[in-house]
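Bear in mind these aren't lab numbers, they're just calculated from the coordinates by the rules spelled out. Since the model is a prediction, treat every value here as computed from it, not as a measurement. Reconstructed Cβ throughout: ideal geometry from the backbone, glycine too, with neighbour counts over all protein chains shown.
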Amino acid sequence: MLKAFGRTDTGNIRENNQDDFNCGVLGEDAVFAVVCDGMGGEKGGNVASRTACDIVTDSVTAAYGSGFGDNSIRGILQTAVTAANVSVFDRSQRDPALRGMGTTIVAAIVCGGTAHIVHAGDSRAYYVTENGIEQVTKDHSVVQLLVDRGEITADEARFHPKKHFITRALGVMSIIDLDYCEFPIKEGEAIVVCTDGLSNYFSNAELYEMIKSAGYSKCVDKLISAAKKAGGADNITVVCITR
């Protein structure tokens, strides 16, 4: 049986939480999750992430139907996130106080034995199995471009001074370019979605060790607690989807 659960935490330093998330059941053997990390000032970041989460949630829950094929699920996700992008962008254009706001996004639907994920920005989705952990989203960030060009290593990227500079975000422009992936997920496996308040602190191997030691049912709290102990300089959001 599929389950989805998550939590968000302000962290140790920030006064406000600009992360947001939603997750839940869509139907028999189907769940969804959406995780956002807002930007654009204290007010703008909160508005962008909350607006995106709400619109994606409403759109996905209204459009989903049991028996939908892979192409239909992909269309539901892309349509939902595109609608959220338009709404956040339009609101930022109408209100000068919100000008320039935006948010990262990872939106996922898992139904049957398949995971479907769309994303923009540097919030991440990881695929966790008995054999290890794999980052299935690719960061849209300046440091990822440097890694791709071979100028720095993945470990160096974690501590690079420009690690917070993202190259794609929802709501910044009227049109959004989304990445999509899908893959099978088996019994006993999981997808962990998080903001960079977690991923900035830990390598894949460290995340895997914490997830496996805590178990899927307790890994959300374990990961958030670990990020806060490591510094908690940013807001932290973690969602776990497990079969």
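Numbers at a glance
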| read-out | value |
| --- | --- |
| Inter-label distance, nm, simple model (7 Å from Cα along the C-beta direction), GLU134/HIS160 | 2.4 nm |
| Backbone HN-Hα couplings from phi across the stretch 180-193 [Karplus 6.51/-1.76/1.60, Hz, Gly and Pro as x] | 9, 9, 9, 6, x, 10, 9, 4, x, 10, 8, 10, 10, 10 |
| Restricting the stretch 140-210 to GluC sites (Glu not before Pro) in coil, as DSSP defines it, with at most 15 other Cβ within 10 Å | GLU151, GLU187 |
| Cut-off under 5 Å, modelled amide H: who pairs with ARG168 long-range | GLY121 |
| Inter-probe distance in nm under a simple model that places probes 7 Å from Cα toward Cβ, at GLU187 and MET1 | 1.4 nm |
| Whole-Å distance, taken between Cα centres, linking the stretch 87-120 and the stretch 178-211 | 19 Å |
| Rel. contact order, % - alpha carbon contacts under 8 angstrom, at least six apart, the chain | 26 percent |
| Whole-Hz ³J(HN,Hα) from phi, Karplus 6.51 cos²θ - 1.76 cosθ + 1.60, for the stretch 124-141, glycine and proline x | 10, 10, 10, 9, 10, 10, 5, 8, x, 10, 9, 7, 9, 9, 10, 4, 9, 8 |
| Förster radius 35 Å - calculated FRET efficiency between ARG149 and THR114 (Cβ-Cβ, nearest 0.05) | 0.60 |
| Estimated distance in nm for a label pair at ALA233 and ASP58, the labels positioned 7 Å out from Cα along Cα-to-Cβ | 3.7 nm |
| Given charges at beta-carbon only (K, R positive; D, E negative), |dipole| of the stretch 1-128 in Debye | 160 debye |
| Ellipticity estimate at 222 nm from DSSP helix runs (n ≥ 4, -39,500 (n - 2.57)) divided over the chain, nearest 500 | -11000 deg cm²/dmol |
| Amide proton proximity set for ILE185, modelled H, under 5 Å, gap of 5+ | THR114, ALA115 |
| Helix runs (DSSP H) in the chain reaching 30 Å along axis by Cα, Kyte-Doolittle at least -0.5 | 41-63, 70-94 |
